[in-house]
Amino acid sequence: MKSAKQETVPIATSSDVVMARQKVRQWAIEMKFTLVDQTKLVTAASELARNALEHGKGGHMVIEQVENSVKNGLKLVFEDRGPGISDVDAALRDGFTTGGGMGLGLGGSKRLVNDFQIESEPGKGTRVTVVRWK
Amino acid sequence: MERIPILRMGQFLLVTIQVDMHDRLAVQLQDDLTEKISECSSRGVLIDISTLEIVDSFIGRMLANIAAMARVLDAETVVVGMQPAVAITLVELGMSLSGVRTALNVETGMELLYELRGDFNSEMGG
């Protein structure tokens, strides 16, 4: 039973990334998102959780149900304590990678959600906030 | 250690991914499959992902890597059973899995493998 409209999931190991995906799926099902929207949101969460782990030395994800005057949405906030991103625009470009990945994590997940906001301060960490509206 | 089972069927290897894989498990599967192809002189690999609820860039890359490594080892790879919602998401994410052969289900996937490799495998053809 989930009475609170907010939940925090730690991201410290690769099993936590799996847990983050499952939590987002649960919330998206509960909010009756369509299967395609669920899949997009869970995939974006997987990318961003992995980023927080691989590049940000871990952190956490906050899931929150949000609403504006006309619709409901699911908001996910990923916060890490990593080195931060010095050039956010470059990091958002497809193919840009500092790790061994495809460079699709940030740019790709941006395409899978409706709102996407990234705040990063070199040396302090990165916060990525996404919302998918119903 | 947790592992995804690889079944041998004649000159082909079959894998059904039925768990929500964490990244290390995906890398393990990649390594295991490559070794098994070499050990069994397999001509083809069929990977069933029909129960996977998402394919993100990491798993997409794993599938592409498996196909590329298999090709270098002279084996074909066919990925079957991707759910429509997963396909939509994967393309929007920016991955088209262009180097990976796909089929709708296990049956058509096996047909494709026989088509690609059946001439080497007359005892199992039909």
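Condition test on A:Glu64, is it out of contact with any strand residue (DSSP E or B) (no Cβ under 9 Å at 6 or more places or on another chain) and in contact (Cβ under 8 Å) with a residue 24 or more places away in the chain? For A:Glu64, the condition - out of contact with any strand residue (DSSP E or B) (no Cβ under 9 Å at 6 or more places or on another chain) and in contact (Cβ under 8 Å) with a residue 24 or more places away in the chain - is not met. Being within 25 Å of B:Glu107 (Cβ to Cβ), more than 11 Å from chain A (Cβ to nearest Cβ) and β-branched (Val, Ile, Thr) holds for only one residue in B:Ile54, B:Ile49, B:Ile59, and it is B:Ile49. Quick one: in region A:53-78, of everything that is assigned to a loop (DSSP other than H, G, I, E, B) and within 18 Å of A:Gln117 (Cα to Cα), which residue is nearest to the other protein chains (Cβ to nearest Cβ)? Applying the filter and picking the extreme gives A:His55. Given the condition surrounded by fewer than 20 Cβ atoms within 10 Å (Cβ to Cβ), more than 14 Å from every other protein chain (Cβ to nearest Cβ) and either under 23 Å from A:Lys110 (Cβ atoms) or out of contact with any helix residue (DSSP H, G or I) (no Cβ under 6 Å at 6 or more places or on another chain) (or both), answer yes or no: does some residue in region B:21-30 qualify? No, there is no match, as no residue in region B:21-30 is surrounded by fewer than 20 Cβ atoms within 10 Å (Cβ to Cβ), more than 14 Å from every other protein chain (Cβ to nearest Cβ) and either under 23 Å from A:Lys110 (Cβ atoms) or out of contact with any helix residue (DSSP H, G or I) (no Cβ under 6 Å at 6 or more places or on another chain) (or both).
Only residues that are under 22 Å from B:Lys36 (Cα atoms) and at pLDDT below 95 were counted across region B:75-99, and they come to 1. For region B:60-79, taking the residues that are closer than 21 Å to B:His22 by Cβ and of a type in the set (Gly, Ala, Ser), the one that is surrounded by the most Cβ atoms within 10 Å (Cβ to Cβ) is identified as B:Gly60. Residues of region A:92-110 that are touching a Gly at 6+ places or on another chain (Cβ under 8 Å) and either away from every other protein chain (no Cβ under 14 Å) or not polar (S, T, N, Q) (or both): A:Leu92, A:Arg93, A:Asp94, A:Gly95, A:Phe96, A:Met102, A:Gly103, A:Leu104, A:Gly107, A:Gly108. Restricting A:Val17, A:Val88 to residues that are in contact with a strand residue (DSSP E or B) (Cβ under 9 Å, 6 or more places away or on another chain), of a type in the set (A, V, I, L, M, F, W, C), over 14 Å from A:Val131 (Cα atoms) and more than 14 Å from chain B (Cβ to nearest Cβ) narrows the list to A:Val88. Taken over region B:81-99, the criterion of being part of a loop (DSSP other than H, G, I, E, B) and facing another protein chain (nearest Cβ under 7 Å) is satisfied by B:Gly94, B:Met95. With the requirement that a residue be within 14 Å of another protein chain (Cβ to nearest Cβ) and either buried (at least 20 other Cβ atoms within 10 Å of the Cβ) or among the hydrophobic types (A, V, I, L, M, F, W, C) (or both), what does region A:111-134 give you? Selection gives A:Leu112, A:Val113, A:Phe116, A:Val130, A:Arg132.
Listed conditions (1) more than 16 Å from A:Thr129 (Cα to Cα); (2) at pLDDT 90 or above; (3) buried (at least 18 other Cβ atoms within 10 Å of the Cβ) are all met by A:Met102, apart from (2). If you go through region A:4-52, how many residues are assigned to a loop (DSSP other than H, G, I, E, B), of a type in the set (Gly, Ala, Ser) and in contact (Cβ under 8 Å) with a residue 12 or more places away in the chain? Residues in region A:4-52 being assigned to a loop (DSSP other than H, G, I, E, B), of a type in the set (Gly, Ala, Ser) and in contact (Cβ under 8 Å) with a residue 12 or more places away in the chain: 1 in total.
The values are calculated or read from the model by the stated rules, or taken from the named source; none is laboratory data. Quick caveat, the model's predicted, so the values are computed rather than measured. FYI the Cβ positions are ideal-geometry reconstructions off the backbone, even for glycines, and counts take in every protein chain you see.
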